[in-house]
Amino acid sequence: MMNKYNFKRSFYYEVEKAIKESSISFILGPRKCGKTVCMHQLEDALDNAVYLDMKAEFDTDEKRRNTVNGILKNIANNDSIVYLIDEATYMPTPDKDIARIAGAFSEYDNQNTKVVFSGSQSKALEFWGHIACGGNAAFIKTGFLSYPEWLAFKGITEVSEKTYADFLFNSRDFYKDFSNTKEYLQGCLDETIISNRKSVEYIMGNAAEDLNVEMILDVLYASLVKLHNHTNYQNFSNSKLLSDMITYHFGDSLTEDEEKRVSEIIGGRYKNYKTMNSYDCKTTMQFLCSCGLTTLTYVSDELTTDPYITEKLLKDTSELHTKPQLFSRFNLTIDYPMFYVDLIQNVLKDRENSELPKDLLGSIVECHVRSLLPKTGSFEYRSDTGTEIDYVSNEGYGIEISVSNNCIRVVNLNELPDDYKKILLTKDMTEEADGIQRIPYYQFIYDNSVGKELVR
């Protein structure tokens, strides 16, 4: 964490506005993405703010319950206080306690007391918040640092391949307490299990008791292998499989132990994924999506599809996962480049400061772009004849995701109906020709990310 929390991210200003306009607000986002920093910034900025960490500041549920009762009294008295309740899932009965607070605002004519909830379990908080508050609360969603926010943090205004690469390999420095992906995922598992046990209402799609961190890593590494191998082999005759590419990149400088580690981690984890039963695979994907870390994209052989197919797969009651070869029709991609880069760097533990192979850029960019686009009503198109379009929306547009100026992808986009908007991401081409808009990939990512207002 930064000294004095000087840099305010884009969602800080959204929360500041929500406090003025709503009695209850929820800050939602992945674990350790910066929500607590935002709460401390608000504490410093507001004269009447009271920050409460329900996990760290209280050692018994009785003390937590007394604190909630105190908040209810403040609401009844119309006291001018802004409560910033962090780690809200550690309240005695969090779903019921949120409902009690929401009920107090309904009961009393209160214009002065404000309550902001945040915590590691955003899926649970959002679920409880909507049940308790309906439309009478503000829900502010955030994630890990965006590319424009990184530029603003560094005091840079240049949007280019160079500054995007700087973001990829160095944005992790913004999160001083981030150790590695495995430790992060273990924390997500632990927090989810605690949250499930403390709540009275069952949280749909939040199962975690049967998972372990190794299973989750198997699925994540398998997603890297599938995406990289497929992305590269479709377009470049001299491209290499993920494990071969890493070994080739470092060449003779790799020790025997390092070569073995590459083979075991990349190959071994992919093999584990292939032997995982379908229910565990679905539950793991469900967990990763619930944590806000991944995007699941359906692959269709038609230029239209059920807009809710992914949500249907992930529902607790769905039996879709039992269908043979189902998971070959879904692509799992990692939303935040920081995690993608960390997974690869962990393969080469003694080379954490080495620059990663540039061959990975296309795969990382595809993951990043997918995370910025609508997930509902979208799919990847893959015809029987081999034609592919990376992203197609039922709303009438398609995108081919590339980091080169390779024109072969134009042919793919021409498969779309004439009235579709067609976008081709490139290395550095900016033009519109033959009905296709060409945009440099880093410019597209910048334009579709939050935080652009900070880059001045």
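Y308 passes all but one of (1) under 23 Å from the mean Cα position of the chain (by Cα); (2) in contact (Cβ under 8 Å) with a residue 60 or more places away in the chain; (3) surrounded by 13 or more Cβ atoms within 10 Å (Cβ to Cβ); which number fails?
With respect to (1) under 23 Å from the mean Cα position of the chain (by Cα); (2) in contact (Cβ under 8 Å) with a residue 60 or more places away in the chain; (3) surrounded by 13 or more Cβ atoms within 10 Å (Cβ to Cβ), Y308 is out only on (3).
Take the conditions modelled with pLDDT under 75 and of a type in the set (G, A, S) and apply them to S263. Does it pass?
Spelling it out, it is not the case that S263 is modelled with pLDDT under 75 and of a type in the set (G, A, S).
Could you tell me which of the residues V37, V15 is surrounded by fewer than 19 Cβ atoms within 10 Å (Cβ to Cβ) and touching a helix residue (DSSP H, G or I) at 6+ places or on another chain (Cβ under 7 Å)?
Checking each option against the conditions leaves just V37.
So which residues in the range 144-171 are within 22 Å of the chain's Cα centre (by Cα) and either surrounded by fewer than 20 Cβ atoms within 10 Å (Cβ to Cβ) or of a type in the set (F, W, Y) (or both), if there are any at all?
F144, Y147, W150, F153, T163, Y164, A165, D166, F167, F169, N170
Might you check whether a residue that is part of a strand (DSSP E or B), closer than 21 Å to V15 by Cβ and either without any contact (Cβ under 8 Å) to a residue 12 or more places away in the chain or among the β-branched types (V, I, T) (or both) occurs anywhere in the range 126-133? I'd like the intermediate steps shown before the answer.
If we filter the range 126-133 for residues that are part of a strand (DSSP E or B), which is where we start, we get none.
Checked against the condition, which is being part of a strand (DSSP E or B), closer than 21 Å to V15 by Cβ and either without any contact (Cβ under 8 Å) to a residue 12 or more places away in the chain or among the β-branched types (V, I, T) (or both), the range 126-133 yields no hits at all.
Return the residues of the range 406-426 that are in a loop (DSSP other than H, G, I, E, B) and at pLDDT 90 or above; say none if nothing qualifies.
Those that are in a loop (DSSP other than H, G, I, E, B) and at pLDDT 90 or above: N414, E415, L416, P417, D418, D419, Y420.
Run down N69, N74 and say which single residue is without any contact (Cβ under 8 Å) to a residue 24 or more places away in the chain, assigned to a helix (DSSP H, G or I) and not charged (D, E, K, R).
Unique residue meeting the criteria: N69.
Which ones in the range 251-281 are charged (D, E, K, R), without any contact (Cβ under 8 Å) to a residue 40 or more places away in the chain and either surrounded by 15 or more Cβ atoms within 10 Å (Cβ to Cβ) or over 30 Å from L313 (Cα atoms) (or both)? Let's see the steps before the verdict.
Our first condition is that a residue be charged (D, E, K, R); within the range 251-281, this holds for 252, 256-261, 264, 269, 271, 274, 280.
Those left that are additionally without any contact (Cβ under 8 Å) to a residue 40 or more places away in the chain: 252, 256-257, 259-260, 264, 271.
Answer for the range 251-281, where residues must be charged (D, E, K, R), without any contact (Cβ under 8 Å) to a residue 40 or more places away in the chain and either surrounded by 15 or more Cβ atoms within 10 Å (Cβ to Cβ) or over 30 Å from L313 (Cα atoms) (or both): D252, E256, D257, E259, K260, E264.
I'd like the full set of residues that are free of Cβ contacts under 8 Å to residues at least 40 places away in the same chain and surrounded by fewer than 17 Cβ atoms within 10 Å (Cβ to Cβ), limited to the range 364-396.
P374, T385, G386, T387, E395, G396
Would a scan of the range 353-363 turn up a residue that is buried (at least 22 other Cβ atoms within 10 Å of the Cβ) and either out of contact with any helix residue (DSSP H, G or I) (no Cβ under 7 Å at 6 or more places or on another chain) or modelled with pLDDT of 95 or more (or both)?
The answer is no, given that none of the residues of the range 353-363 is buried (at least 22 other Cβ atoms within 10 Å of the Cβ) and either out of contact with any helix residue (DSSP H, G or I) (no Cβ under 7 Å at 6 or more places or on another chain) or modelled with pLDDT of 95 or more (or both).
Checking R9 against (1) among the basic types (K, R); (2) at pLDDT 95 or above; (3) closer than 22 Å to F127 by Cα, which test does it fail?
R9 satisfies every listed condition except (3).
What are the residues in the range 312-346 that are part of a helix (DSSP H, G or I) and either within 16 Å of the chain's Cα centre (by Cα) or modelled with pLDDT of 90 or more (or both), if any? Quick ask: steps written out before the conclusion?
In the first step, residues of the range 312-346 are kept if they are part of a helix (DSSP H, G or I); the result is 312-314, 320-322, 326-329, 337-346.
Hits for the range 312-346 are P337, M338, F339, Y340, V341, D342, L343.
The values are calculated or read from the model by the stated rules, or taken from the named source; none is laboratory data. Small disclaimer: the values here were computed from a predicted structure and weren't measured. We place every Cβ from the backbone using ideal geometry, glycine too, and count neighbours over all the protein chains shown.
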